[in-house]
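These notes concern the structure reproduced below.
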2 protein chains.
Amino acid sequence: MQFWFEFASTYSYPAALRVESLARQQGISLEWKAFLLGPIFQTQGWNDSPFNLFPVQGRYMWRDLERICADLELPFRRPSRFPRHSVLAARIACRFAAEPWLPDFVRAVFRANFAEDRDIAQPAVLEQCLDTLGLPGITLLEQAQATDSKALLRARTEQAMALEIFGAPTFIVNGEVFWGNDRLESALAWAVQRMATVKP
Amino acid sequence: MQFWFEFASTYSYPAALRVESLARQQGISLEWKAFLLGPIFQTQGWNDSPFNLFPVQGRYMWRDLERICADLELPFRRPSRFPRHSVLAARIACRFAAEPWLPDFVRAVFRANFAEDRDIAQPAVLEQCLDTLGLPGITLLEQAQATDSKALLRARTEQAMALEIFGAPTFIVNGEVFWGNDRLESALAWAVQRMATVKP
């Protein structure tokens, strides 16, 4: 199953924190796909999050997210700035997608943004997320800002558009697209069903 | 629990067909609140359903709805026209909200739109929905088109806006707002929890 997420996206937070353990429980392998929503929103004529452009939806979303996190017993603090710039975090997640520490890094960044109200646009915050995992933060940050790393994230976001991804989180199971934290269970069920069908 | 729905709204269909039995199972009383989304979308600058204005979301929604109906074993046929004009159906549902036959009528109209691809904008279709329930269709249609019935629906839609309802279906439990068919279970759980708290 592919897990497409955006570090600035509110509903990506609960999804990112629970997707790995749920997938593992069901024997589903997971690909972590960081991408950027900004360029996708721009193609719809939006220069900001729809939750800011449409304040009524925005107010509902914050309350809904608060309830969801309470149900899941996830810590939640509404970020003092929304959406936070996620380009650098996404470059790291994209450049090091295959590293065994990647899921831990992704969760650390989401917690920084949505549980600790820290500014994930700041290299120092991301460096600390990496350092805490016992990784060489400064070195990895430098690599993530190299030209080829930037190109990787651009290509990833273009791939998202080609797949008609329009929001985050999005789960893809063999071409079947599921949008939203509230579709995680459906996506996993689809993956399980497909495994059952494929097996001899 | 208040169930706010719009006859043209795709996700209102599965919600309308399952809300009553689920609420009854949990001992939750239900108020059926027909309203119109069109005037609400207009305040956001949309002169059509967002699923038409944003075709990528629209394509996803149709597939998602198809999967949801399959899971719930609800018949589904994609309407040949979307959204269908729902003013007359909504006037009936608003004018006769307290009648014991109202839930059956609502389900009949949703089935006509989303399972049978019939044009619920046509008075003859609505008349048949009423007649099939053993009701005097023509008489009820006339009453639903009286000036005071029109005013009722306008007031209802204005009330929806005042409540910051921006989509359908929406469930409201003591001021707590839940949006979407996929929030029905959460809304019911909220209602059950509140009953438990209120009881002596």
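Structural remarks
- Among the residues examined, residue A:37 does not qualify as buried (at least 17 other Cβ atoms within 10 Å of the Cβ), under 17 Å from the mean Cα position of the chain (by Cα) and more than 16 Å from residue A:166 (Cβ to Cβ).
- Within the set A:23, A:16, the sole residue that is within 24 Å of residue B:185 (Cβ to Cβ), outside any loop (DSSP other than H, G, I, E, B) and in contact with a strand residue (DSSP E or B) (Cβ under 7 Å, 6 or more places away or on another chain) turns out to be A:16.
- The range A:59-116 - residue that is in contact with a Lys or Arg (Cβ under 8 Å, 6 or more places away or on another chain), within 14 Å of residue A:16 (Cα to Cα) and open to solvent by 40 Å² or more (accessible area, probe 1.4 Å) and, of those, nearest to the other protein chains (Cβ to nearest Cβ): A:72
- Residues in the range B:77-109 that are free of Cβ contacts under 8 Å to residues at least 40 places away in the same chain and outside any helix (DSSP H, G or I) were compared, and the one that is nearest to residue B:62 (Cα to Cα) is B:78.
- Candidates B:155, B:189 - the one that is of a type in the set (Gly, Ala, Ser), within 11 Å of chain A (Cβ to nearest Cβ), assigned to a helix (DSSP H, G or I) and surrounded by fewer than 19 Cβ atoms within 10 Å (Cβ to Cβ): B:189
- Residues satisfying the stated conditions in the range A:121-152, i.e. hydroxyl-bearing (Ser, Thr, Tyr) and not in a helix (DSSP H, G or I): none
- Restricting the range A:43-58 to residues that are crowded, with 17+ Cβ neighbours inside 10 Å and in a loop (DSSP other than H, G, I, E, B), the residue that is nearest to the other protein chains (Cβ to nearest Cβ) is A:54.
The values are calculated or read from the model by the stated rules, or taken from the named source; none is laboratory data. Only a predicted model underlies this, so the values are computations on that prediction, with no experimental measurement involved. All Cβ positions, glycine included, derive from the backbone under ideal geometry; neighbour counts span all protein chains shown. In case anyone asks, the SASA skips ligands and DNA or RNA and just uses the protein heavy atoms, side chains included. Shrake-Rupley method; radii C 1.70, N 1.55, O 1.52, S 1.80 Å.
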